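Engineer: Shown below is the structure under consideration.
The values are calculated or read from the model by the stated rules, or taken from the named source; none is laboratory data. Being a predicted model, the structure only gives us computed values, none of them experimental. Methodologically, a virtual Cβ is constructed for each residue, glycine included, from the backbone with ideal geometry; neighbour enumeration extends over all protein chains shown. What goes into the accessible areas is simple: the full protein's heavy atoms, side chains included, and nothing from ligands, DNA or RNA. Shrake-Rupley method; radii C 1.70, N 1.55, O 1.52, S 1.80 Å.
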Amino acid sequence: MRKRVRQQCEEMLANLPAAHNMAASCAANGEIVMMQQVLEACQQTAITLGELIESSEGEGTEVVAELECYCELLYRIHQGGEGTIAELDEYVERAEQLLENLPITREVVFLPYKVSMWDSLEQAWRKECEREDTHAVVIPIPYFEKNPDGSAKEFVYEGDKYPEDVPVVRYDAYDLEAMHPDAIYIHNPYDDRNIVTTVHPDYYTDKLKQYTDDLVYIPYYVLEDPNLNDAAGMELLSHYILVPGVLNANHIQLQSEAMRDAYLQVLGSRYGEDVRKHYEKAISVVEPSKVYRVKHPRPEDLELPEAWKTMVERDDGSRKKIIFYNTSVGTMTNYEKEYLDKIRRVMEIFYENREDVVLLWRPHPLMQATIDAMEPELKKEYEQLVLQYREAGWGIYDDSPEMYRAIQLSDAYYGDPSSVLELYKITKKPIMIENVDI
């Protein structure tokens, strides 16, 4: 039985003894009609209780059987037959005891939006699934890509792209308000403040916190641990912290103690010591799913796709080195046209050395959407660059959700500072940071 349903049932049962006393008082004063009305109200409460319990536990529970006997006694007293108020109280007490014996179950909902970011919630989902008292539901929610003026451009739903072992429920088949899950997990904290995409407004965090007693936020990224004495770095980090999802969450799971300290410093500085104390309890440190996945690769992370083999394997069976080329939206928006020129130069270098190394280009999942929303004048040039690279067939273009395959199969990293870089550091493989000016 859901905890919330149990509480509703307990409250309804707790009100019955007072009604019994009122009925007894009415009978003693000769107010028979009033007594009958009170007993009818008690019966309706018992019927509602039985329906509520059966909707949760199914038919045939002992507590519903006890309520049925209670209703029979109410009817006899109502009709002037045998029965006492004390007997009614006894039925209620037994119903309360039987209700306590019903096991409590938790309803936990996960609301990812982009399938490429599901990995940030995956480990928490698997842990919830392992709990015998928990029903975990994954509900991919729709989102919109934005036009340069900030208006919604394209409605996107990726619920059909999740791994086969992750059962999903359509967003329009689950009523969050009616179900009121015990916990809701999110990884997108921005609501309407993201200038590239926005989740559907029905899933903004100010609404979600009304549908649950525990809104849990887990960032979809892993960042370099902050230096609290670096004013510029802390100012940049504050843009990740002072967002609706953080402010509306009941609990937040962060990657490290250093990141927790940074959150507390920023939130305390902005909102005061009382708010800081609140977040000291609300923020916990949990190893991110992304870090766990890099440390514990799955078999599919280590399997070379057929489409890559012709580029990676030589005729004699030896393999070329694979260089993971990571391009980020942050560097792109900082350099704009210069960035595309840099990518083009990188491709020329790797093409010249294609007999020894293979370029595995993996742009940020929001690269195209970011260009469309923020740099529309670069849209055609970027799309042409991607098309030419893919059609040439000498390098790998990876826009799949399988980031970990690229991390595990590559021999070195080249590209921009990003959350992917922080994950790559775990592998201890060589890393070179791209410099657009060179």
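Engineer: Restricting attention to the stretch 357-391, report how many residues are open to solvent by 60 Å² or more (accessible area, probe 1.4 Å), among the aliphatic types (A, V, I, L, M) and over 20 Å from residue 339 (Cβ atoms).
Structural biologist: 0
Engineer: Moving on to the next point. Looking only at the stretch 289-296, decide whether some residue is within 26 Å of residue 224 (Cβ to Cβ), open to solvent by 80 Å² or more (accessible area, probe 1.4 Å) and hydroxyl-bearing (Ser, Thr, Tyr).
Structural biologist: Yes, the stretch 289-296 contains a residue that is within 26 Å of residue 224 (Cβ to Cβ), open to solvent by 80 Å² or more (accessible area, probe 1.4 Å) and hydroxyl-bearing (Ser, Thr, Tyr).
Engineer: Looking at the structure I just gave you, is residue 413 buried (at least 19 other Cβ atoms within 10 Å of the Cβ) and among the aromatic types (Phe, Trp, Tyr)?
Structural biologist: yes
Engineer: State yes or no: is residue 5 open to solvent by less than 20 Å² (accessible area, probe 1.4 Å), assigned to a helix (DSSP H, G or I), touching a helix residue (DSSP H, G or I) at 6+ places or on another chain (Cβ under 7 Å) and under 26 Å from residue 213 (Cβ atoms)?
Structural biologist: no
Engineer: Applying the selection to the stretch 185-220, what residues are among the aliphatic types (A, V, I, L, M) and open to solvent by 40 Å² or more (accessible area, probe 1.4 Å)?
Structural biologist: Across the stretch 185-220, the qualifying residue is only 195.
Engineer: Considering only the stretch 132-147, I want to know if a residue exists there that is of a type in the set (Lys, Arg) and free of Cβ contacts under 8 Å to residues at least 60 places away in the same chain.
Structural biologist: Among the residues of the stretch 132-147, not one is of a type in the set (Lys, Arg) and free of Cβ contacts under 8 Å to residues at least 60 places away in the same chain, which makes the answer no.
Engineer: Let me ask something additional. Suppose we filter 53, 104 for residues that are within 30 Å of residue 170 (Cβ to Cβ), among the hydrophobic types (A, V, I, L, M, F, W, C) and buried (at least 16 other Cβ atoms within 10 Å of the Cβ); which single one remains?
Structural biologist: 53
Engineer: Right, something else. What's the total number of residues in the stretch 16-36 that are assigned to a helix (DSSP H, G or I) and either in contact (Cβ under 8 Å) with a residue 60 or more places away in the chain or surrounded by 14 or more Cβ atoms within 10 Å (Cβ to Cβ) (or both)?
Structural biologist: 14
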